[in-house]
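Undergrad: Here it is, the structure, as structure tokens.
Values in this text are rule-based calculations from the coordinates and carry no lab data. Only a predicted model underlies this, so the values are computations on that prediction, with no experimental measurement involved. Cβ coordinates were reconstructed from backbone atoms using ideal geometry, including for glycine residues, and neighbour counts include every protein chain displayed.
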Amino acid sequence: MIKVILINGGWPGVNPLFCIIDPNNPNEPGDTGYFQSCPRRQHRDSKIYYLKMTSSNIETISTEIFSAIAESFPVVSASDEFYYFPQVQLVKPEWETWDRFSPDFIAYFISRLNSWENKLDQLFPYMSASGSGSQAELLLLKKLIHTLQEHLNETRTWETQPTFYLSIACLGLAEALNTNNPDVPHRRAETLPEFLDQAGRNLKNVPKLFLDLGLEMIQDTKEYFISLLPRLPELSPALEALLRYKQILASLKTRSTFLLPKSLLGRIVESNMNCGMDIPQVNKTLDLEITKMTARLHREAKKLDCDTWQEAYESISLSNFRHDGLVNLYHDEVLRLGRHCRDIGLVEDKLYQKNPVRVMPVPRFLAAIRSASSYSIPPGHPPSGGIFYIINAHDPEEMHKQYHKEYQILSAHETWPGHHLLDITRWSLKSPVLRAVEQPVFYEGWACFSEVMLFQEGYLSGSQDSLMLAKRRLWRAIRGKVDIGIQTGSMNLSTAIEYLTRTGMTMEQARASARKYSLNPGYQLCYTVGLQKFISLFQRYGQNNLKNFSRVVLNHGEIGFNDLERILKQPGII
């Protein structure tokens with residue numbers, strides 16, 4: 001006789017779950033499934049089956065959530081530009097559909113998010129009772145839902161940032177152009193005017209700075225559309241819609257401040273970004289990093305017989321650079337880094353071979369939204385590699401920019417063992433939740449930690465390399481201070497610009513950066529805070545075994561740091 005017991009009584013919208021028990025093996029959970037109808041009761045002995053039950057439930061609910069998000073917001077969810085959305089995509093995307101940002105739909109979708117959050121809350125007692133390894137996964141999914149709900153309902157970027165819609169328009173077209181189906185870009189371009197018209201209707205209570213940034217970005221977007229016209233004549237109506245959008249922006253009433261409520265900013269920093277600390281604690285972390293890196297820069301400068309670190313940095317030669325272009329310079333360095341990571345065991349050969357890094361100039365259709373060299377990977381399980389975009393790669397003057405002295409460290413940050421290794425490992429994981437979720441402090445922290453790893457394994461050494469790493473760490477900590485200062489109102493833009501010039505930025509670069517930081521509160525602090533978290537974990541649990549430490553970290557996805565620490569504490573895990 002086969003015994004069927006009820007695992008839980010279900011809740012609205014989710015049928016009760018059952019487990020089939022083999023009487024010959026009563027302590028082994030069998031297949032699970034959902035009752036179509038069942039009395040609302042619970043078997044008193046069902047606790048031993050929680051592990052099986054929760055894994056099944058999480059995957060079922062996450063599939064429902066991710067499908068709904070991909071259907072409703074196809075561009076932002078397919079992109080890696082919006083941390084508060086999971087990176088998901090439908091198996092068969094509807095290319096005519098743009099993201100459904102409108103007051104009515106957002107209100108409806110927030111109610112759905114609330115419903116999903118309630119379902120996840122009902123799973124949590126089972127997780128706690130069973131001690132299931134899926135607890136971190138459940139917490140990650142719950143945090144994602146809560147962050148997205150908070151962003152749509154309280155931060156409300158979709159109402160206040162004109163650049164938000166211009167970025168979506170550029171990304172949506174870029175995604176379509178990168179498909180192998182020549183019909184897809186035409187289908188997406190045809191429905192773009194409706195999206196832009198709705199975007200104009202959505203905007204209200206826009207800060208003056210956000211309006212100015214939007215008007216500036218319209219020109220870049222217009223040039224992008226025009227460049228595509230020979231290939232996509234369907235963009236002619238979109239150009240007209242872009243003009244209407246510009247006219248709407250010009251007529252908007254604006255407010256002087258862009259500051260978020262103090263409590264909301266605190267939640268963004270502590271929870272949404274995954275810092276796990278409040279703003280005063282973040283400031284303390286940033287100040288300590290600035291002090292340490294300033295001292296390190298002075299020490300390294302003395303070793304190089306220079307009075308200041310700026311003088312020492314200037315003395316580092318560009319003469320050893322190749323003259324066949326930036327793309328080739330970075331391409332060769334990425335190959336060396338990849339082989340190094342494979343040789344020391346940070347990545348298995350099979351994963352390495354199947355996931356090459358393409359190094360290419362920032363294409364014209366992305367120039368409107370990418371202002372620096374960066375890495376990108378499309379959603380996909382299993383992954384098939386990513387792209388390292390080099391800014392201004394065809395500009396003869398770009399080769400002489402000072403920051404290209406750091407090309408080895410920059411390449412490590414963006415590719416091996418940084419973003420690329422993190423992302424291809426994440427997209428190789430079995431769990432759909434762990435594959436889809438990025439957390440800013442984890443994501444940027446790991447990439448910064450990867451720069452430190454170059455010195456741990458002897459890939460880089462010497463005072464010049466150490467000085468460049470310290471400069472990058474100082475630069476990021478100052479960016480974090482500027483971000484927090486701008487967002488809390490303790491630093492105006494003029495002060496922020498002056499502060500950023502201390503990192504070697506020109507006044508023009510500092511002004512552009514400070515203004516853009518206002519659009520994404522808290523993101524700039526993720527680099528330093530994340531780096532410090534990984535350094536702390538490695539010092540306490542790494543046991544000087546960088547390979548095993550990295551494998552454990554990467555193979556568990558971008559979970560919370562408290563959950564990661566619980567895993568690292570386990571005996572024999574490293």
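Undergrad: Restrict the search to region 190-250; then list the trypsin sites (Lys or Arg not before Pro) that DSSP places in a loop and that have at most 15 other Cβ atoms within 10 Å of their Cβ. Could the numbers behind the result be given before it?
TA: Values: sites: ARG201, LYS204, LYS208, LYS222, ARG231, ARG244, LYS246; in loops: LYS204, ARG231.
Sites meeting the loop and neighbour criteria: LYS204, ARG231.
Undergrad: So, one more: Stretch THR254-THR294 to full length: gain in nm at 0.36 nm per residue minus the Cα-Cα span? Write down the numbers at each step before the final one.
TA: Numbers: separation 40, 0.36 × 40 = 14.40 nm, distance 4.04 nm.
Contour length minus the Cα-Cα distance gives 10.4 nm.
Undergrad: Taking DSSP loops as anything outside H, G, I, E and B, show the longest stretch in the chain free of chymotrypsin sites (Phe, Trp or Tyr not before Pro) there with at most 16 other beta carbons within 10 Å.
TA: On the way: sites that count: PHE35, PHE321.
With a cap of 16 other Cβ atoms within 10 Å, the longest stretch comes to 36-320.
Undergrad: Assign unit charges at the C-beta atoms only (+1 for Lys and Arg, -1 for Asp and Glu), then state the dipole size of the chain relative to its Cα centre in Debye, rounded to the nearest 20. Don't jump to the answer; show the numbers that get you there.
TA: Details: 62 positive and 62 negative charges, 236 e Å.
My answer is approximately 1140 debye.
Undergrad: In nm, to one decimal, how far is the MET277 label point from the ASN153 one, both placed 7 Å along Cα→Cβ?
TA: In this crude spin-label approximation the distance works out to 2.9 nm.
Undergrad: Going toward the positive end of the dipole of the chain, with +1 on Lys and Arg Cβ and -1 on Asp and Glu Cβ, which of THR97, THR528, ALA68 do you reach last?
TA: Of the candidates, THR528 comes out farthest on the positive side.
Undergrad: Continuing with this model, one more query. In nm, to one decimal, how far is the ASP307 label point from the THR495 one, both placed 7 Å along Cα→Cβ?
TA: With each label point 7 Å from Cα toward Cβ, the separation is 3.1 nm.
Undergrad: Testing the spin-label approximation: label points 7 Å from Cα along Cα→Cβ at ILE535 and ARG370. State their distance in nm.
TA: In this crude spin-label approximation the distance works out to 3.0 nm.
Undergrad: Nearest 500 deg cm²/dmol is fine: what mean residue ellipticity at 222 nm does the chain get from its DSSP H runs of n ≥ 4 alone, each adding -39,500 (n - 2.57), divided by its residue count?
TA: My calculation for the chain gives -18000 deg cm²/dmol from helical runs alone.
Undergrad: Also, quick follow-up: What are the ³J(HN,Hα) values, in whole Hz, obtained from phi via the Karplus relation 6.51 cos²θ - 1.76 cosθ + 1.60 with θ = phi - 60°, for each residue of region 134-140 in sequence order, with x given for Gly and Pro?
TA: 7, 4, 4, 5, 4, 4, 5
Undergrad: If you don't mind, another one. Round to the nearest 0.05 the FRET efficiency obtained for LYS350 and GLU240 when R0 = 60 Å and r is the Cβ-Cβ distance. Please list the in-between numbers first.
TA: Working: r = 50 Å, r/R0 = 0.84.
E between LYS350 and GLU240, to the nearest 0.05, is 0.75.
Undergrad: So for the chain, taking the charge dipole from beta-carbon charges (+1 Lys/Arg, -1 Asp/Glu), which of ILE279, LEU337, ASN548 sits furthest toward the positive end?
TA: ILE279
Undergrad: Based on the alpha-carbon gyration tensor of the chain and its eigenvalue square roots a ≥ b ≥ c, which shape applies: rounded if a/c is under 1.5, prolate if not and a/b is larger than b/c, or oblate?
TA: Details: a/c = 1.68, a/b = 1.23, b/c = 1.36.
Cα axes put the chain in the oblate bin.
Undergrad: Once fully extended, how much extra length lies between ARG187 and ALA68, figured as 0.36 nm per residue of separation less the alpha-carbon to alpha-carbon distance? Numbers along the way, then the final one.
TA: On the way: separation 119, 0.36 × 119 = 42.84 nm, distance 2.14 nm.
Gain on extension, ARG187 to ALA68, equals 40.7 nm.
Undergrad: Continuing with the same structure: Place +1 on the Cβ of every Lys and Arg and -1 on the Cβ of every Asp and Glu in region 158-255, take the dipole about the Cα centre, and give the residue among TYR245, THR221, PRO185 whose Cα lies farthest towards its positive end.
TA: TYR245
Undergrad: Working out 0.36 nm times the residue gap between SER384 and LEU264, then minus their Cα-Cα distance, what length gain in nm do you get to one decimal?
TA: Values: separation 120, 0.36 × 120 = 43.20 nm, distance 3.79 nm.
Separation in residues times 0.36 nm, less the Cα-Cα distance, equals 39.4 nm.
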